[in-house]
Amino acid sequence: MRLIRKLLKDDFSHLVNRRIKQTDISKELKISKERVQYIITDILGYRKVSASWVPRMLTDEMKRQRKTCAELLKHYEEEGEEFIQGIVTGDKSCIHHYDPESKRQPMEHRRKSFPSPRKFKVVASARKVMLTVFWDSEGIVHIEFLKQGNTDC
C-alpha cells in the first residue's frame, strides 16, 4: 500500500502521476491488477474522474453580464410589462456628415415648355459623425450628433 501511495504521490502529498495506469503499477510492484484496483479505490479512496466539458470558459466580464441579465429577468418576473416600459436603451453609429441625393430623388414633374432643373454634382463628405440614439418601448427618446473630435469614427 505504501509503495502504491509512493507511486501516486511525492513527499509533499501532491499527486505526481494522476494518469498512471493500474497495469503499470501492477508490473512495477509485481502484484495483480485486481489487487492494485482494490488498494487504490477501497483503501486509498481514489477514483477515476473525467474532466467535464463546458461550452466555453467565461471571462469575469461575461460572468458580470450574465448576473446583470439574471437580475433584469428577475425584475421582469416581479413587475411584468411595467418593468419593460421603464427601460431606455441606446446605440451609436458612425454616419457620413452629408449623404448626397441620388439622381432619382430630386426628380419632379414639369411641363415640356419649362427647362429641366439643374443639379450640381455633390460628393459625399469624408467626414463622419457619431450618431447616438436612445429609445424605450414607445419609440425614440433622444437623438444626438457628437461633435467632431469626440467620436471614434
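Structure data summary
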item: Which listed residue is surrounded by 10 or more Cβ atoms within 10 Å (Cβ to Cβ), aromatic (Phe, Trp, Tyr) and at pLDDT below 85, from Tyr76, Tyr38, Tyr46; result: Tyr46
item: Any chance Phe114 is in contact with a Leu (Cβ under 7 Å, 6 or more places away or on another chain), at pLDDT 70 or above and open to solvent by 100 Å² or more (accessible area, probe 1.4 Å); result: no
item: Val16 over 27 Å from the mean Cα position of the chain (by Cα), modelled with pLDDT under 70 and more than 30 Å from His142 (Cβ to Cβ); result: yes
item: Count of residues meeting criterion [open to solvent by less than 50 Å² (accessible area, probe 1.4 Å), part of a strand (DSSP E or B) and at pLDDT 90 or above] in the stretch 127-147; result: 2
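The values are calculated or read from the model by the stated rules, or taken from the named source; none is laboratory data. Predicted, not measured: the structure shown is a model, and the values here were computed from it. Here the Cβ is made from the backbone with ideal geometry for all residues, glycine too, and neighbour counts use every protein chain on show. Heavy atoms of the whole protein, side chains included, go into the accessibility calculation; ligands, DNA and RNA do not. Shrake-Rupley method; radii C 1.70, N 1.55, O 1.52, S 1.80 Å.
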